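Asks: Can you read through this structure? Questions will come right after.
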Amino acid sequence: MWNNQRESELKRKRKVTWQKEEKICTLPEHLQELLDQNNPKFIDELVKFAFYFSNSQEDQSQSGAWLWSLYLDNHPLKREGLLRLLTTYNQSDFYRLIQESGVEVTPSIKRTEVFRYSKDSYCLIPLTKKLLPYIERIFQLAEKRKDASIWGKIAYMFDHEFEQYKWIAMSSRTRKYLQRCAWRTLRELGEQGTSDYVLMASEILLCYHENDFHINWVKEEDPLHPLPNWYKNFLPKRNQYLLKKILICHHSDSPNHWWLQDQLTSSLFKEEVEAFPELWNQHPEQLFRLVCKARSPFVIQFAIDALKRGNQKNIAHLPLRDLLDLLEHGTYNEQKTFAMEVILKQMDPKNPDVKLLLTLMKSPYPFRRHVITFIESNITQWSDDLLDRLLTGWSQITQYPNSIEWEQIIFEQMKRRGVKNIDLQLLKKIIIFGNSEYTKEEIKKFVIENHDEWTEEQKTWLLEEILHLGPNNYFMGEWLLFFQGPWERTLRRLISIDWAKRYLHCRYNYFLEPVTAMILHQIDLSIHPYRGIDLFQFLRSNSKIIREKAQEILLKDADKLQLDAYDLAELASTSVPIEQEFVKRFFDKWKPWLEPQIPTIIDCLRRRAAHPDITEEVSTFIHKELLEKVFRQERDTTPLLSN
């Protein structure tokens with residue numbers, strides 16, 4: 001009985017203290033000392049103190065009154081520290097926070113879940129018995145003061161379905177009651193038409209994280225892209241009473257019984273389903289703040305659609321720097337798409353900023369498609385000078401937009417320039433990265449129709465670039481096979497046996513077999529001579545087309561290939577029947593021309609057949625097919641030469 005009386009007396013005194021907004025106790029000495037010195041280390045030390053305070057297993061009776069005192073003082077460091085303590089984190093961010101504050105996260109500490117109040121929600125001020133009374137009173141005082149930042153973080157905590165953890169001192173009934181209290185506060189502010197409604201609602205909405213929502217995957221067909229886009233669709237959960245009251249209270253379904261499983265977030269806010277839309281329309285700066293800083297695509301989509309519905313004039317004057325920063329650093333597609341749309345809307349369609357257009361074209365495809373649409377819609381209004389600057393600027397950018405539409409737009413403008421003023425760097429990019437069969441055919445047609453206008457310098461530069469890229473990009477083979485027609489003379493001047501070897505041994509050699517054979521065929525021996533032995537690796541290729549081309553060249557030009565007896569003995573050293581048949585044909589055809597070397601050839605063949613590294617199949621072929629048949633008469637008259 002005495003304990004009950006004492007507890008009642010403490011509650012009465014504490015109530016008086018709260019009503020008078022009086023401090024119950026002071027901060028620990030080491031924290032107060034840092035605060036008096038205005039030392040920024042106060043924040044990290046406060047985090048450490050709060051962590052050890054709730055994580056301590058030794059004394060569960062110590063008071064949490066320091067939290068109340070922390071809020072009563074308006075010192076900037078105290079406020080910043082309290083905001084950090086009241087912020088909700090996911091697990092990885094929570095452990096990162098305490099580690100950066102100097103807490104050593106040991107395995108035993110990691111097993112302590114006292115800071116967790118929902119599935120993946122952690123807060124340094126847990127809902128324990130010794131802290132919950134102070135959290136509730138701070139919530140009430142923040143409401144009275146209209147302290148949006150503090151009130152919003154606590155209201156956000158209450159808008160969760162608490163897990164059944166033994167350390168949570170708040171019942172489900174109390175949580176639901178506090179949810180309704182929070183909405184009553186907002187509703188009253190909204191009915192009064194005050195800007196405090198928008199500010200306090202914004203602070204709550206900024207707290208929601210994407211993991212707080214129900215997620216399903218949605219497929220979107222894109223006519224400008226061969227593959228469909230898959231994206232996450234975020235929808236509220238059943239227990240998020242406050243969120244649904246703020247954002248979708250005017251939806252046709254009742255938020256209390258609503259499971260939005262088949263609803264697309266992108267279409268949800270096309271109409272005014274939020275509470276007090278007229279107040280949101282009066283504060284576009286808060287909506288844009290939500291677009292930039294919210295951590296949930298659901299909230300971001302609401303802010304975007306609310307801006308579009310009620311603040312078109314304000315959208316037109318959003319700062320370009322902020323929009324570009326959002327496009328580059330935004331976390332979610334909704335942010336980037338909105339930024340891209342607004343930037344293009346602010347741009348003069350008749351005289352756009354070329355530098356800005358080029359910057360936007362470097363964006364990833366889902367956002368770049370808006371730029372393509374803008375160009376297609378307005379390009380007919382642009383002057384020749386503007387188009388020239390656009391093409392010149394684009395040729396200097398290394399990144400290439402993987403877009404069929406963009407390829408066609410660019411090449412059409414290149415054709416307008418004519419061969420004399422064509423940008424070879426840009427043409428090379430389209431050839432290398434292009435995906436449009438239409439554009440490929442247009443380039444080939446353009447080359448052929450303007451055959452006489454291409455200078456030797458232009459042809460040489462482009463062919464050299466394609467030759468160098470070929471071994472690492474098998475699509476270049478198609479272009480080399482094409483250019484051997486209209487630009488054959490230039491190609492023959494450039495290619496040598498070394499180029500054929502590079503293509504033979506490259507990683508894409510299987511796909512480039514016709515190109516390797518073409519290079520062998522086009523080599524001009526008067527410009528780039530080589531020895532017959534250089535052909536042997538092609539003669540023994542697994543590719544039929546390469547092997548037959550090498551055989552054709554050797555049969556045709558043996559007298560130009562500087563073949564000696566040792567080379568011919570090497571040629572004869574094969575156990576493959578197809579290659580053996582070719583060797584016999586070669587000697588049958590060129591035997592008269594080889595007559596001065598025949599004694600040396602026979603000697604080399606004898607030595608090769610007797611070599612210990614030569615297989616029995618090769619030795620038998622040399623003796624029976626070459627020495628006994630092809631060179632039978634000469635063998636009988638050729639003495640064995642000494643070593």
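Quick grid of which residues meet (1) touching a Lys or Arg at 6+ places or on another chain (Cβ under 7 Å); (2) in contact (Cβ under 8 Å) with a residue 40 or more places away in the chain; (3) not in a helix (DSSP H, G or I):
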{"position": "77", "(1), (2), (3)": "no, yes, no"}
{"position": "97", "(1), (2), (3)": "no, yes, no"}
{"position": "103", "(1), (2), (3)": "yes, yes, yes"}
{"position": "124", "(1), (2), (3)": "no, yes, yes"}
{"position": "128", "(1), (2), (3)": "no, yes, yes"}
{"position": "170", "(1), (2), (3)": "no, yes, yes"}
{"position": "179", "(1), (2), (3)": "no, yes, no"}
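Asks: Hey, another quick one. All but one of (1) touching a Lys or Arg at 6+ places or on another chain (Cβ under 8 Å); (2) within 16 Å of residue 54 (Cα to Cα); (3) open to solvent by 50 Å² or more (accessible area, probe 1.4 Å) hold for residue 161; which doesn't?
Replies: Of everything listed in (1) touching a Lys or Arg at 6+ places or on another chain (Cβ under 8 Å); (2) within 16 Å of residue 54 (Cα to Cα); (3) open to solvent by 50 Å² or more (accessible area, probe 1.4 Å), residue 161 misses just condition (2).
Asks: May I pose another question? Does residue 83 meet the test of being surrounded by fewer than 16 Cβ atoms within 10 Å (Cβ to Cβ) and closer than 27 Å to residue 39 by Cβ?
Replies: Here the answer is yes, as residue 83 does meet what is asked.
Asks: Next up: Within region 527-570, can you find the residues that are open to solvent by 50 Å² or more (accessible area, probe 1.4 Å) and closer than 20 Å to residue 510 by Cα?
Replies: 537, 540, 542, 544, 545, 548
Asks: Can you name the condition, by its number, that residue 139 falls short on among (1) part of a loop (DSSP other than H, G, I, E, B); (2) in contact with a helix residue (DSSP H, G or I) (Cβ under 8 Å, 6 or more places away or on another chain)?
Replies: That leaves (1) as the condition not met.
Asks: Sticking with this structure for a sec: Tell me, please, whether a residue that is open to solvent by 40 Å² or more (accessible area, probe 1.4 Å), more than 19 Å from residue 49 (Cβ to Cβ) and within 34 Å of the chain's Cα centre (by Cα) can be found in region 101-113.
Replies: Looking for residues that are open to solvent by 40 Å² or more (accessible area, probe 1.4 Å), more than 19 Å from residue 49 (Cβ to Cβ) and within 34 Å of the chain's Cα centre (by Cα), one finds at least one in region 101-113, hence yes.
Asks: If the requirement is being touching a His at 6+ places or on another chain (Cβ under 9 Å) and either open to solvent by less than 30 Å² (accessible area, probe 1.4 Å) or at pLDDT 95 or above (or both), which of these qualifies: 199, 186?
Replies: Answer to the check: 199.
For (1) within 60 Å of the chain's Cα centre (by Cα); (2) outside the structural domain of residue 567 (by the TED database); (3) closer than 17 Å to residue 568 by Cβ, each residue gets a yes or a no:
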position	(1), (2), (3)
603	no, no, yes
610	no, no, yes
613	yes, no, no
624	no, no, no
627	no, no, yes
630	no, no, yes
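Asks: Of the residues in region 431-461, how many are farther than 19 Å from residue 486 by Cα and touching a residue at least 12 places away in the same chain (Cβ under 8 Å)?
Replies: The total comes to 6.
Asks: Quick check on my filter: what residues within region 506-525 are open to solvent by 10 Å² or more (accessible area, probe 1.4 Å) and at pLDDT below 90?
Replies: Answer for region 506-525, where residues must be open to solvent by 10 Å² or more (accessible area, probe 1.4 Å) and at pLDDT below 90: 506, 507, 508, 509, 510, 511.
Asks: Right, something else. Can you name the helices (runs of 4 or more DSSP H) wholly within region 517-591 that have at least 3 residues being closer than 21 Å to residue 481 by Cα? Quick ask: steps written out before the conclusion?
Replies: Numbers: elements: 536-539, 544-557, 565-572.
By residue number, 544-557.
Asks: Take residue 324 and decide whether it is more than 22 Å from residue 187 (Cβ to Cβ), in contact (Cβ under 8 Å) with a residue 12 or more places away in the chain, of a type in the set (A, V, I, L, M, F, W, C) and out of contact with any Gly (no Cβ under 9 Å at 6 or more places or on another chain).
Replies: So residue 324 fits the description; yes.
Asks: While we're on this one: Checking residue 598 against (1) over 18 Å from residue 577 (Cα atoms); (2) without any contact (Cβ under 8 Å) to a residue 40 or more places away in the chain: exactly one of these is not met. Which one?
Replies: Here residue 598 clears every test but (2).
Asks: Ok, one more. Out of region 427-465, which residues are within 26 Å of residue 506 (Cα to Cα), assigned to a helix (DSSP H, G or I) and within 28 Å of the chain's Cα centre (by Cα)?
Replies: Within region 427-465, 427, 428, 429, 430, 431, 432, 433, 437, 440 qualify.
Asks: Also: Please count how many residues of region 468-481 are surrounded by fewer than 20 Cβ atoms within 10 Å (Cβ to Cβ) and part of a helix (DSSP H, G or I).
Replies: Number satisfying all stated conditions: 5.
Asks: Does residue 599 satisfy the condition of being more than 21 Å from residue 535 (Cβ to Cβ), open to solvent by 50 Å² or more (accessible area, probe 1.4 Å) and either outside any helix (DSSP H, G or I) or in contact with a strand residue (DSSP E or B) (Cβ under 8 Å, 6 or more places away or on another chain) (or both)?
Replies: Criteria not met by residue 599.
Asks: Go through (1) of a type outside the set (Asp, Glu); (2) under 30 Å from residue 195 (Cα atoms); (3) buried (at least 18 other Cβ atoms within 10 Å of the Cβ) one by one and return the number of the condition residue 131 breaks.
Replies: Against the list (1) of a type outside the set (Asp, Glu); (2) under 30 Å from residue 195 (Cα atoms); (3) buried (at least 18 other Cβ atoms within 10 Å of the Cβ), residue 131 comes up short only on (2).
Asks: Can you pull out the residues in region 615-637 that are farther than 20 Å from residue 564 by Cα and outside any helix (DSSP H, G or I)?
Replies: Listed by number, the list holds a single entry, 615.
Asks: Can you confirm whether region 482-504 contains a residue that is polar (S, T, N, Q), over 29 Å from residue 452 (Cα atoms) and outside any loop (DSSP other than H, G, I, E, B)?
Replies: There is no residue in region 482-504 that is polar (S, T, N, Q), over 29 Å from residue 452 (Cα atoms) and outside any loop (DSSP other than H, G, I, E, B).
The values are calculated or read from the model by the stated rules, or taken from the named source; none is laboratory data. Nothing here was measured: the structure is a model prediction, and the numbers come from that model. Because the Cβ atoms are built from the backbone with ideal geometry, glycine has one as well, and the counts that use them run over all protein chains shown. The protein model used for the area step is the full one, side chains on, heavy atoms only, and it has no ligands, DNA or RNA in it. Shrake-Rupley method; radii C 1.70, N 1.55, O 1.52, S 1.80 Å.
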